[in-house]
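J.: Structure provided below as structure tokens; questions to follow.
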Amino acid sequence: MKCVFCGREESIHKGLHLIKNDGSVNYFCSSKCRRNAINLKRDKRKVRWTEAFHLTRNKENLKIAENSKLVAEEKKK
Ligand SMILES: [Zn+2]
């Protein structure tokens with residue numbers, strides 16, 4: 001089962017399943033993830049230790065790299 005907050009694969013016997021009224025299941029691997037998501041209402045993309053943070057960060061880095069390449073090519077011309 002994949003944790004909805006940190007994105008880590010954990011055994012289904014560990015952690016906690018939060019089942020919403022609409023029937024969707026949110027799985028949290030630890031109380032740390034649960035508290036960050038529910039009590040602290042943190043955006044997983046803004047918390048450094050989650051997978052989502054690294055994914056969005058890598059995408060941004062790629063964009064920056066592409067932009068700097070374009071700039072470098074324009075300077076050559
Ligand atoms: Zn987690």
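Bear in mind that the values in this text are calculations on the coordinates, not laboratory data. Note that the structure is predicted; figures quoted are calculated from it, not measured. Reconstructed Cβ throughout: ideal geometry from the backbone, glycine too, with neighbour counts over all protein chains shown.
J.: Relative to the longest principal Cα axis of the chain, at what angle does helix 51-76 sit, 0 to 90 degrees, rounded to 10?
T.: Rounded to the nearest ten degrees, it is 10.
J.: As a check on your grasp of the helix formula, calculate [θ] at 222 nm for the chain: sum -39500 (n - 2.57) over DSSP H runs of n ≥ 4, divide by the residue count, round to the nearest 500.
T.: Value at 222 nm, helices only: -13000 deg cm²/dmol.
J.: Straight-line reach from residue 20: which lysines fall under 20 Å, measuring Cα to Cα and dropping same-chain residues less than 8 apart?
T.: Once the sequence-local lysines are set aside, what remains near residue 20 is 2, 32, 41, 44.
J.: OK, next. Going by C-beta contacts inside 10 Å, put 56, 50 in order with the fewest on the left.
T.: Listed from fewest to most nearby Cβ atoms, that is 56, 50.
J.: Taking just the C-alpha trace of region 16-76, give me its Rg and Dmax in Å.
T.: Gyration radius and largest Cα-Cα distance of region 16-76: 18.1, 59 Å.
J.: Right, something else. Multiply the residue separation of residue 72 and residue 52 by 0.36 nm, subtract the distance between their alpha-carbon atoms, and state the gained length in nm to one decimal.
T.: Values: separation 20, 0.36 × 20 = 7.20 nm, distance 3.02 nm.
Residue separation times 0.36 nm, minus the Cα-Cα distance, leaves 4.2 nm.
J.: Continuing with this model, one more query. At R0 = 35 Å, how high is the FRET efficiency between residue 45 and residue 13 if r is their beta carbon distance? Nearest 0.05 is fine. Don't skip to the answer; put the middle values down first.
T.: Working: r = 28 Å, r/R0 = 0.81.
Taking R0 as 35 Å, the efficiency between residue 45 and residue 13 is 0.80.
J.: Relative contact order, percent, of the chain when contacts are C-alpha pairs under 8 Å separated by at least 6 residues?
T.: Details: 77 pairs, mean separation 18.3, N = 77.
Relative CO of the chain lands at 24 percent.
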